[in-house]
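Asks: Dropping the structure in here first, questions after.
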Amino acid sequence: MSTIPAAPSETGPEPLDPAGLPTHQPAATELARTAARAAGDLLAPPAPVRLADVVPAPDRVTPDPTADFLLPEDAVILVSPPARDVAEQLADWLRPATGHPLPVGDATPHAEPAGLLVLTLSGAGTAHGADLPGVGELGDEGYHLDVTQDEVRISATTPAGLFHGAQTLRQLLPAPIESATPVAERWAVPGGTIVDRPRFPYRGAMLDVARHFFAVDDVLRVVDHLARYKLNHLHLHLTDDQGWRIAVDSWPRLAEEGGATEVGGGPGGYYTKADYRRIVAYAARRHVTVVPEIDLPGHTNAALVAYPELAPGKIAPPPYTGTEVGFSYVDPADERTYDFVADVIGEVAALTPGPWLHLGGDEAFKVKGATYTGFVERAQGIVRATGKTVVGWHQLAPAAHAEGRVLQWWGTNGDDPETADAVRRGARLILSPGNRVYLDMKYTPDTPIGHDWAGLIDVHRAYDWDPATHLTGVPAEAVLGVEAPLWTESVTTLAEVEFMLFPRLPAIAELGWSPRSAHNWDDFRDRLAGHGPRWTTAGITFHPSPDIPWPAAPTHPTIPTQPTRNTTADTH
Ligand code: TNX
C-alpha cells in the first residue's frame, strides 16, 4: 500500500464511502502525522511488547523493529463486510483505554482498502486471497497479521481467523489497553509479520455450574477469558447430584426442584432456555462453541429428587449438598428412563447450535458391566438421532462406537487399554488429564480452595506435557484437542473461578494452539509474565504464581480467604 498521503480534494467535499467514512484522511492530518513520524522515528522507543510475546505462541513470527506502528487518534478500522462484527469487537476492546473514536467502515471488496487497521477476509472469491503469502495454510481459524509503520493488516479466510488475529493485536498493544477508562499512553504495536494457525481444532475449558451455580454474567465473562487465549469450546457441566441447571419443558421439575440446591446448601439456580440461548449467542460471537453436558447415568441425584420415578425403587432420595460422588443413578431397567433421556437430550440438542452433546458417563459406580454399556449405547443412539456428535468421559470407552464419538480422557496416568481400544474402534479424544489440567486442583498445599486428589498443579505442571503423545496406544491423529475442566465443589464465586483459571488456562491454551516446536517453558513463562499487568488492569483475579517472573510487584488481587472445604472423597 502507498505511504504517500492522498492529494487533497480542491473541488468539493471529501468523498464518503458507503459506510459514511471519508475515503481519504484530511491532508493536513496526514501531513502532520507523516512529519511527526519522521521526527519521532529518530527518537521513538521500541514498542513495549515484542511481536513474539503473544500467548498462545503463534506459529510463525517475523519481527521487524523498523516497522512499529503507532495507533493515531483518528485511526479507522476497515473490515470486509461479512466480518464486520469482528471489527466492532476490536473497536470495543480498544476504545475505552485509548479514548479514540475508532469508527468501523467497510473494506470495499474490489479496491485496496485504505485504513489504519484493516481486517480482510481473503481466499477464493475475494480480491486479496491469491496474493497473500501463506493464506492457503491458514485453515478455518488461522490469520495473517502484518504490522508496518502505516497500518496493521489482519487477513484470514474466516471471521474466526480474523477474530483470533484481533485478539493477537490486542495483546500486542501495551498492557494499559485493558483499562476501562482513557489512559495517556503511546499505543505502539511492534512491527513485523505473524502467520498463525492452531495445532488442534478443539481447545476448551469446562465450567461445572452444577456443584455451584454461576449466573449468566459470570459465564459470559468466562467466555471472554477463553476467547482471549483462542480457546474455542466452552463445556458446561449442567447437571449433577447437587443441582440441575437447565430448564427442560417436558420435565419442568428438573430445573425447578432439582435446580434449587448446590454444594454447601446455597440457593442454587438454573438457566432458562432464554438464558442458555444468551450464553450460546454470546459465545458464538466470540467464536466459542458451547458443549452442553447432561451427565448420565450417574451424577443424577438432583433429577431423582425431582422425579422419583427415575430412581431405582421409585423412592425420592433427599437433596444432596455434599461432595461425594458415585452413589446416584437413573434406573437403567425402566423404559421411562429412556423417555427421560430422549426428552432431555432432544430439548438440549434443539437449543444448541454446536455439533456436540456430552453424555457424561463418569463415576456411575452402581451401574456396572453390561448394564452400563447397554445404557450408554442406547443413550449414544439417542444423541445420534438428534444429529449431534456424542462426547463423553472416557468411562464410555467399553460401549460400542457411535459415529464420530469423542471421549474425554481425565485419568491420571498415560495408559488405559480400554480407551486405546475405543480409539482403534473409531473414537477421537479430548485430553483432560486430571493430574495436568484439572483446574480444581490446588497450585500448592496452601492454595485456599481446591482439591489435591490428582496432585498439585502449578503452572509448570499444567504446561509441560504433550496432548499428542500423552496416552499410550493413541496416535496423534486421534487427538481432537485439549480441555481444562473446572469442577466447583470448592469454587463459589467468579473471583475464585478466575483464581483457578489464571494463570493455568493460558498454559493449556498454548498446548492446544501452538506448534509443538514452540513449546518451551522458559520462553512461555517470560511471555506469560507480561499478562499479569493486563489481568490486574482488567480486574481479573489470578494466582500470582512464583513460577512466573511477573514484572515489578504490582498489588495482585487476592481472593478472600475462606475455610478450606472438604475435598472429594478419595474415590479416585
Ligand atoms: C471427578 S472427573 C469427577 C467430578 C468431580 C471431580 C473433582 C470426572 C469426570 N468426575 O465429578 O467433580 O472429580 O475433582
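The values are calculated or read from the model by the stated rules, or taken from the named source; none is laboratory data. The structure presented is a predicted model; accordingly, all values stated were derived computationally and were not measured. Note: ideal-geometry Cβ built from the backbone for every residue, glycine included; neighbour counts use all protein chains shown. Please note that ligands, DNA and RNA were not included when accessible areas were found on the heavy atoms of the full protein model with its side chains. Shrake-Rupley method; radii C 1.70, N 1.55, O 1.52, S 1.80 Å.
Asks: What does the extension gain come out to for R425 and D343, with contour length at 0.36 nm per residue minus their alpha carbon separation?
Replies: 26.6 nm
Asks: Okay, moving on. I'd like the accessible area for Y271: 1.4 Å probe, protein heavy atoms, all chains in place, Å² to the nearest 10.
Replies: 0 Å²
Asks: Considering only protein heavy atoms, with the full assembly of protein chains and a 1.4 angstrom probe, order T193, T337 by accessible area, largest first.
Replies: T193, T337
Asks: Let me check I've understood the local charge: for P546, count other residues with C-beta under 13 angstrom from its C-beta, Lys and Arg +1, Asp and Glu -1. What total comes out?
Replies: -2
Asks: A follow-up question, please. Round to the nearest 10 and report in Å² the accessible area of T148, as given by a 1.4 Å probe over the protein chains' heavy atoms.
Replies: Accessible area of T148: about 60 Å².
Asks: What nm value, rounded to one decimal, do you get for the distance between E73 and S250 when each label is placed 7 Å out toward the C-beta?
Replies: Spacing of the two 7 Å Cα→Cβ label points: 6.2 nm.
Asks: I would also like to ask the following. When ligands, DNA and RNA are left out and all protein chains stay put, how many square angstrom of accessible area per residue does the chain have with a 1.4 Å probe?
Replies: In whole numbers, the chain has 37 Å² accessible per residue.
Asks: Additional query: Can you compute the modelled spin-label distance between A274 and D64, with each label point 7 Å from Cα toward Cβ, in nm?
Replies: About 5.2 nm, to one decimal.
Asks: Next question. Distance between the C-alpha centers of the range 500-517 and the range 325-393? Whole Å please.
Replies: Value for the Cα centre distance between the two parts: 31 Å.
Asks: Once you have the Cα-Cα distance between T386 and A476, take 0.36 nm times their residue separation minus that, and quote the gain in nm to one decimal.
Replies: Here the answer is 29.5 nm.
Asks: With every protein chain kept in the model, how would you rank D523, D53 by accessible area, 1.4 Å probe, largest at the top?
Replies: Most to least solvent-accessible, the answer reads D523, D53.
Asks: Also, I was wondering about something else. Sum up the charges of everything whose Cβ sits under 12 Å from the Cβ of T337, counting Lys and Arg as +1 and Asp and Glu as -1, but leave T337 out.
Replies: Values: positive: K314, R336, R378; negative: E309, D331, D334, E335, D339, D343.
Once positives and negatives cancel, what remains is -3.
Asks: Quick one: dipole size for the range 252-315, taken about the Cα centre, charges +1 on Lys/Arg Cβ and -1 on Asp/Glu Cβ, in debye to the nearest 20.
Replies: Result for the range 252-315 is approximately 380 debye, rounded to the nearest 20.
Asks: Turning to a different aspect of this structure: Between K368 and R285, what is the FRET efficiency for a Förster distance of 41 Å, r being their Cβ-Cβ separation, to the nearest 0.05?
Replies: Numbers: r = 44 Å, r/R0 = 1.07.
Plugging the Cβ-Cβ distance into 1/(1 + (r/R0)^6) gives 0.40.
Asks: Same structure, new question: For the range 172-311, what is the percent of antiparallel DSSP beta bridges, rounded to the nearest 5?
Replies: If I count the DSSP bridges inside the range 172-311, around 15 percent turn out antiparallel.
Asks: Picking from P176, V263, L407, whose Cα lies most toward the positive end of the charge dipole for the chain (charges on Cβ: Lys, Arg +1; Asp, Glu -1)?
Replies: Going by the charge dipole, the pick is L407.
Asks: So how much slack lies between H460 and E418, counting 0.36 nm per residue of separation and subtracting their Cα-Cα distance, in nm? Provide the component values of the computation, followed by the final result.
Replies: Numbers: separation 42, 0.36 × 42 = 15.12 nm, distance 2.92 nm.
So the chain would gain 12.2 nm between H460 and E418.
Asks: Let me ask something else. Taking θ as phi - 60°, what are the ³J(HN,Hα) couplings along the range 481-491 by the Karplus curve (6.51, -1.76, 1.60), each to the nearest whole Hz, with x for Gly and Pro?
Replies: x, 9, 9, 9, x, 10, 7, 10, 4, 10, 10
Asks: Counting only DSSP beta bridges with both residues in the chain, what percent are antiparallel, rounded to the nearest 5?
Replies: Antiparallel: roughly 30 percent of the beta bridges in the chain.
Asks: Calculate, for A350 and A215, the FRET efficiency according to 1/(1 + (r/R0)^6) with r their C-beta to C-beta distance and R0 22 Å; round to the nearest 0.05.
Replies: 0.40
Asks: Relative to 2.2 N^0.38 Å, what does the C-alpha radius of gyration of the chain come to as a ratio? Two decimals please.
Replies: Expressed relative to 2.2 N^0.38 Å, the Cα Rg reads 1.03.
Asks: Can you sort R286, R197 by solvent-accessible area, 1.4 Å probe, largest first?
Replies: Correct descending sequence by accessible area is R197, R286.
Asks: How much of the accessible area of the chain, probe 1.4 Å, is carbon plus sulfur, in whole percent?
Replies: 56 percent
Asks: For a protection proxy built on the mean count of beta-carbon atoms within 10 angstrom, sort 311-319, 536-544, 500-508, 175-183 highest first, please.
Replies: On the way: 311-319: 14.1, 536-544: 19.1, 500-508: 26.2, 175-183: 16.2.
Those peptides, ordered most packed to least, come out 500-508, 536-544, 175-183, 311-319.
Asks: If each DSSP helix of 4+ residues adds -39,500 (n - 2.57) and the sum is divided by the residues in the chain, what number results at 222 nm, nearest 500 deg cm²/dmol?
Replies: -9000 deg cm²/dmol
Asks: Would you work out which of T337, T444, V76 lies farthest towards the positive end of the dipole of the chain? Charges go on Cβ: Lys and Arg +1, Asp and Glu -1.
Replies: The Cα lying farthest towards the positive end belongs to T337.
Asks: What dipole magnitude, in Debye to the nearest 20, does the chain give about its Cα centre under +1 on Lys/Arg Cβ and -1 on Asp/Glu Cβ?
Replies: For this selection, approximately 260 debye.
Asks: Also, quick follow-up: Taking the Cα centre of the range 350-448 as origin and charging only Cβ (+1 Lys, Arg; -1 Asp, Glu), how large is the dipole, in debye to the nearest 20?
Replies: Dipole about the Cα centre, nearest 20: 340 debye.
Asks: Same structure again: Going through the cross-link list K230/K273; K230/K366; K230/K388; K273/K368; K366/K388, which pairs have a Cα-Cα distance over 31 Å in this structure?
Replies: Checking Cα-Cα distances, K230/K366; K273/K368 exceed 31 Å.
Asks: In nm, to one decimal, how far is the modelled label at D452 from the one at N520, with both set 7 Å along Cα→Cβ?
Replies: Rounded to a tenth, the inter-label distance reads 3.4 nm.
Asks: In the neighborhood of V195, defined by Cβ-to-Cβ distances under 11 Å, what is the net charge if each Lys or Arg adds +1 and each Asp or Glu adds -1? The partial results should precede the final answer.
Replies: Working: positive: R60, R197; negative: D59, E137, D146, D196.
In short, -2.
Asks: Highest mean first, what order results for 360-372, 383-395, 227-239 on Cβ atoms within 10 Å?
Replies: Values: 360-372: 17.8, 383-395: 20.6, 227-239: 25.7.
Peptide ranking by packing, descending: 227-239, 383-395, 360-372.
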